[in-house]
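Reading through the structure tokens given below for one structure.
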Amino acid sequence: MELPIYLDNNATTPCDPRVVETMVPFFTSNFGNAASRNHSFGWTAEEAVDYAREQVAALIGANPKEIIFTSGATEGDNLALKGVAEMYAAKGNHFITTTVEHKAVLDTCKVLEKEGCDVTYLEVERDGMLDLAKLEAAITPKTVCIAVMYANNEIGTVNPMKEISAIAKKHGVLLMSDAVQAVGKIPVDVNEDGIDLMAFTAHKMYGPKGVGALYVRRKNPRVKVTAQMDGGGHERGMRSGTLNVPGIVGFGKACELCRLEMEQDAAHTSKLRDKLETELMKIEEAYLNGHKENRLPHVSNISFKHVEGEGLLMGINKDIALSSGSACTSASLEPSYVLKALGLGDDLAHSSLRFGLSRFTKEDQIDHAVELVRKTVLKLRDMSPLWEMYKEGIDLDTIEWAEH
Amino acid sequence: MAYSEKVLDHYNNPKNVGTLDKESKAVGTGLVGAPECGDVMRLQIEVDEATGTIKDAKFKTFGCGSAIASSSVATEWLKGKSIDDAITIDNMDIVEELSLPPVKIHCSVLAEDAIKSAINDYRVKNGLPELELEEKIVH
């Protein structure tokens, strides 16, 4: 078995070799600018982009004309929210989102607030699900857009988009979704789901980095966003800038592969995920974070009480690439805001591991991961004062900790 | 972020993990940090009453690799030192020993606090006045 093993596929996925193969000619021989209208180099590039646009649209049940290519989902989120805020300013200035969104949505909302918009940040339930009654109650006559992620990047919880869009429609509000983790992994259909704007990216679905798309609905209703970059008026005037042709070609191929192989990929990852989870949950004081059923097939987030996440990763990351909910590696000592938003205590929020599997994950890799995680958890518990106190029956909440 | 060789070595082979009898008069216990900060350190010393030297030191730490390594180093340094010498261990000595990056300096501060807290616990148990400790503010 080759080491290290990659189980951090919510951060990024490897490019599928079939994707890379499709991209290569567009770096060297077919290098034309898709906007060059007067020669064959331009025509070839344009044709390739058109084809990719169809592949991308097909994966999400959209019309190719509704696909705006971007540099990734962060740009898509920014363009959607800021673009809607500007375009619909006459209608209202209120946005509704959730506290567990990706930073690309949350930080964009913070900017909108500075610019005079009102944003309601809805809290989610303990299992990461949004309370639909709370959502509906938050809508005001000034509300222009609801921004809710399709699936959460840390815990994999999938939101009921159909129900959410029904509420949005009833009140004449746009529904925007960051669908980065869901597209390509589970069936996403913008019409069935009733989504008006949707940002997603290639590198989470076995495509290249630096390319993504924003879906912008053209019918019922016709949605428009104000461009956030000025230039040549590419992408129906919504996103200027020479198109990343090789990236877009790769994105198209990645979308096609996901569409054709989704069932097989999901069956493969969920089988391995369930095995991993069943084994790890046998460890004493292990807790699953997020909703057990309504979630992505390839994600599992588990907290191991009385062991600190970063310390745990250190024992594992020589062999296995994983991510922890604890953001201790950055300058901040704050644990994951997503896990905190679920109402987890600091002890559990600091003790989590996020597993993200892929179509390339193998069973022996999962077996190795289980063994190594178990061994490291047990070793660290042997040196954890909290574990010792827990075993002595001391209630840790009654201790007055010297804040430091 | 890459860890230094010494941090890795202490993490993989921590020295002096364990528990001393906290009820014993010869043992001083320091418990510092808080679970919500992601670091809790318990450091214990056992003092030879005749000589006033630390004959054993043990730790248990909940925290990142740097916190575990800092406590491991601290217990190594404590063994064989007199109480008076032990109190002079400075967190920056640990930073230097382990090549801790700036974001991990708080781990060394925690270790220094744990040493002082253990010494004070021992002093109080043996009828000595508590030492005034200067606050180290790191964040």
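Where a number appears in this text, it was derived from the coordinates with a stated rule and is not lab data. Quick caveat: nothing in here was measured; it's all calculated off a predicted structure. Don't worry about glycine lacking a Cβ; one is built from the backbone with ideal geometry, like all the others, and counts go over all protein chains shown.
What to note about this one:
- Sequence of A:F95, A:F360 once ranked by neighbouring C-beta atoms within 10 Å, starting from the fewest: A:F360, A:F95
- Take every DSSP beta bridge whose two residues both sit in chain A; close to 55 percent of them are antiparallel.
- Cβ neighbours within 10 Å from other chains - mean over B:103-113: 1
- Computed from Cα positions, the angle between helix A:245-280 and the longest principal axis of chain A comes to roughly 20 degrees.
- Mean separation of Cα pairs under 8 Å and 6 or more residues apart, divided by the residue count, gives segment A:265-401 a relative contact order of 29 percent.
- In terms of packing, defined here as the mean over residues of other Cβ atoms within 10 angstrom, the peptides A:185-192, A:70-77, A:115-122, A:24-31 line up highest first as A:70-77, A:185-192, A:115-122, A:24-31.
- Taking the charge dipole of chain A about its Cα centre, with +1 at Lys and Arg Cβ atoms and -1 at Asp and Glu Cβ atoms, the residue from A:N153, A:P187, A:T376 reaching farthest to the positive side is A:P187.
- Going from the residue with the fewest nearby Cβ atoms within 10 Å to the one with the most, A:D395, B:D93 rank A:D395, B:D93.
- Partner chain coverage, peptide B:52-63 - average Cβ within 10 angstrom: 4
- Calculated Rg and Dmax of segment A:76-117 using C-alpha coordinates, Å: 9.7, 29
- About the centre of its Cα atoms, segment A:17-257 shows a dipole size close to 480 debye [charges on the beta carbon of Lys, Arg (+1) and Asp, Glu (-1) only; nearest 20 debye].
- Restricting the calculation to Cα atoms, every distinct pair contributes to the Kirkwood radius of chain B, found to be 14.8 Å.
- Helix A:363-382 vs. chain A, principal-axis angle (Cα, 0 to 90°, nearest 10): 40
- With 27 Å as the limit on Cα-Cα distance, the pairs of A:K162/A:K185; A:K375/B:K15; A:K65/A:K292; A:K204/A:K340 that go past it are A:K65/A:K292.
- Rg and Dmax of the protein assembly as shown, Cα atoms only, in Å: 27.3, 96
- Exercise: per-residue mean of other protein chain Cβ atoms within 10 Å, A:377-386: 5
- Compared with the dominant principal axis of the Cα atoms in chain A, helix A:161-170 is inclined by about 60°.
- Note on segment B:1-37 and segment A:10-68: Cα centroid distance 55 Å, given to the nearest whole angstrom.
- Reported to the nearest whole Å, the Cα centre-to-centre distance from segment A:75-120 to segment A:349-404 is 37.
- The mean sequence separation of alpha-carbon pairs under 8 Å and at least six residues apart, normalised by the residue count of segment A:17-257, gives a relative contact order of 29 percent.
- Helix content alone sets the calculated 222 nm mean residue ellipticity of chain A: runs of n ≥ 4 DSSP H residues at -39500 (n - 2.57) each, divided across all residues, give -12000 deg cm²/dmol.
- Largest mean-square fluctuation among B:E46, B:E96, B:E112, in a Gaussian network model of chain B whose springs join Cα atoms under 10 Å apart, belongs to B:E96.
- Summarising the amide proton neighbourhood of A:T70: residues at separation of 5 or more, or on other chains, whose placed amide H is nearer than 5 Å comprise A:G212, A:A213, A:L214.
- Taking A:I316, A:I394, A:I248 as the candidate residues, the one with maximal mean-square fluctuation in a Gaussian network model of chain A, Cα springs under 10 Å, is A:I394.
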